[in-house]
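The values are calculated or read from the model by the stated rules, or taken from the named source; none is laboratory data. Just so it is clear, the structure is predicted and the values come from calculations on it, not from any experiment. So basically every Cβ, Gly included, is an ideal-geometry build from the backbone, and we count neighbours across all protein chains shown. Keep in mind that these areas ignore ligands, DNA and RNA; they rest on the heavy atoms of the full protein, side chains included. Shrake-Rupley method; radii C 1.70, N 1.55, O 1.52, S 1.80 Å.
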Amino acid sequence: MQDIPTSTAQQAAAPRKVSVLGAGAWGTAMAAALAASHDVLLWGRNDAAMLAMAARRENPYLAGIALPAALTLSSDFDAALAHASGPGALLIAACPVAGLRPLLERLKTRAIPNLIWLCKGFEAGSGKLPHQIVQEVLGDKIPGGALSGPSFAQEVARGLPCALTIASSSAQLRDCVVDVVHGGNIRVYASDDLVGVEVGGAVKNVLAIATGVADGLGLGLNARAALITRGLAEITRLGVALGGQAETFMGLTGMGDLILTCTGDLSRNRRVGLGLAQGKPLATIVAELGHVAEGVPCARAVRELARGLGVDMPITNAMAGVLFDGDLPQDMLQRLLARDPRDETA
């Protein structure tokens with residue numbers, strides 16, 4: 001794995017053309033942050049919603065945070081692609097995993113520049129990671145990579161500091177993303193471990209739900225620390241089995257993202273766990289969130305994937321039981337506590 005902090009020279013890169021496809025909270029936050037240094041267009045598929053955002057200069061998912069005057073908003077897909085068509089331009093897919101394949105299908109016949117995606121998770125049904133979906137739909141005709149790391153949209157939109165990782169097998173793509181994204185209050189590191197970065201970003205959402213359950217049941221900080229630590233062991237086991245590098249899971253997209261999502265009150269997945277601990281039905285919790293909580297579908301996909309690979313993931317299995325099999329949160333706790341003793345490294 002390459003872990004490459006950027007140079008001072010890279011922070012002063014010339015303005016680039018950037019189109020962000022997806023006007024949810026995270027896509028809008030990234031577009032707003034990049035608009036301080038680059039020519040950025042934010043695309044959303046809903047005409048009325050984009051017109052309302054343009055009029056108010058605010059996204060309802062990021063209430064109270066004004067969008068930069070320099071940020072262009074559009075519901076014209078062709079215009080969004082044309083905006084990011086020049087040399088050094090960057091196209092950012094900012095949709096949930098469930099929306100990645102349909103978005104890529106619209107790009108399949110287009111001439112597109114460097115492409116990165118922000119989604120974290122496994123595709124329902126196929127169990128594929130985002131980079132596998134991209135390869136299946138687009139092949140290897142363009143450089144692509146995942147931008148991931150511990151980051152809440154609300155904080156990025158407000159200009160608070162964060163550190164991210166761009167993962168790609170393409171050095172050219174990594175350099176491009178570092179040039180575009182690194183700067184201001186965003187620090188970017190580069191990695192060639194695309195599998196490891198994507199697995200860390202996906203599975204931590206399941207562990208965040210489990211930690212929310214534990215906190216909602218009042219199990220204390222000791223239990224939270226144990227869940228996070230043993231959860232990291234699960235993520236690492238699965239990631240290595242899929243071809244990721246073990247050291248990746250000790251970095252931003254492994255340990256860093258896991259700690260943030262399990263402990264931060266802005267975490268949607270943690271809030272799912274808190275709701276489950278209160279006895280709320282899953283459908284009610286998801287409706288109240290008003291956002292996608294990727295850990296819910298991810299739990300099912302990870303359980304099936306781990307079973308097929310023979311990877312032991314007891315916390316994930318217990319969480320999937322609560323989400324999909326009718327198990328009570330208290331049952332999850334008892335099942336985990338009843339496990340036989342073992343070496344910590346096992």
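Dividing the summed helix terms, -39500 (n - 2.57) for each DSSP H run of n ≥ 4, by the number of residues in the chain produces a 222 nm estimate of -14500 deg cm²/dmol to the nearest 500. Judged by the ratio a/c of the largest to the smallest principal axis of the C-alpha gyration tensor, segment 96-222 counts as oblate, that ratio being 1.5 or greater while a/b is no larger than b/c. Of the residues ILE285, ILE235, ILE315, the one that moves most in a GNM of the chain with alpha-carbon contacts below 10 Å is ILE285.
Roughly speaking, to the nearest percent, how much of the chain's 1.4 Å accessible area is carbon and sulfur?
So the carbon and sulfur contribution to the accessible surface is 54 percent.
Sort 196-202, 303-309 by packing, meaning the average of other beta carbons within 10 Å per residue, with the highest value first.
Output ranking for 196-202, 303-309: 196-202, 303-309.
When you work out D = kT/(6 pi eta Rh) for the chain at 10 °C and 1.306 mPa s, using the Kirkwood radius from C-alpha pairs as Rh and the Stokes-Einstein form, the result is 78 µm²/s.
Computed about its Cα centre, the charge dipole of the chain is approximately 440 debye, with only Lys, Arg, Asp and Glu carrying charge at their Cβ.
Got a sec? What order do ASP140, ASP39, ASP265 fall in by accessible area at 1.4 Å, biggest, i.e. largest, first?
My answer, sorted largest first, is ASP140, ASP265, ASP39.
Ordered by 1.4 Å accessible area with all protein chains kept, THR236, THR316, THR345 run largest first as THR345, THR236, THR316. So what is the relative contact order for segment 79-128, in percent, with contacts set as C-alpha pairs under 8 Å and at least six apart? Here the relative contact order equals 46 percent.
Rank-order 156-166, 330-340 by packing density, defined as the average count of other C-beta atoms within 10 Å over each peptide's residues, highest first.
Order by mean packing, descending: 156-166, 330-340.
The mean of 1/r over all distinct Cα pairs in segment 64-170, once inverted, gives the Kirkwood hydrodynamic radius of 15.3 Å.
Dipole of segment 179-279, Cα-centred, from +1 at each Lys and Arg C-beta and -1 at each Asp and Glu C-beta, to the nearest 20 debye? Each step should come with its number before you reach the end.
Values: 8 positive and 9 negative charges, 86 e Å.
Around 420 debye, computed over segment 179-279.
All alpha carbon pair distances within segment 195-341 were sorted into 10 Å bins beginning at 0; the resulting P(r) in whole percents reads 12, 47, 34, 6, 0. Note on segment 1-131: Cα-only Rg and Dmax are 15.2, 45 Å. Pairs over the 25 Å Cα-Cα cut-off, from the set LYS120/LYS141; LYS204/LYS280; LYS17/LYS204; LYS17/LYS108: LYS17/LYS204.
Estimated at the nearest 10 Å², the accessible area of HIS291 is 50 Å² with a 1.4 Å probe.
Computed with a 1.4 Å probe over protein heavy atoms only, the accessible surface of the chain comes to 42 Å² per residue. The HN-Hα couplings worked out from phi for segment 89-94 by the Karplus form 6.51 cos²θ - 1.76 cosθ + 1.60 (θ = phi - 60°) are 6, 9, 10, 10, 8, 10 Hz, whole numbers, x standing for Gly and Pro. For segment 11-117, the relative contact order works out to 32 percent when only alpha carbon pairs closer than 8 Å and six or more residues apart are counted. Derived scalar couplings between HN and Hα for segment 36-43 equal 5, 10, 9, 8, 10, 10, 9, 9 Hz in order, rounded to whole Hz, by the Karplus curve 6.51 cos²θ - 1.76 cosθ + 1.60 (θ = phi - 60°), x for Gly and Pro.
Mean sequence separation of contacting Cα pairs (under 8 Å, at least six apart), scaled by the length of the chain, corresponds to a relative contact order of 15 percent.
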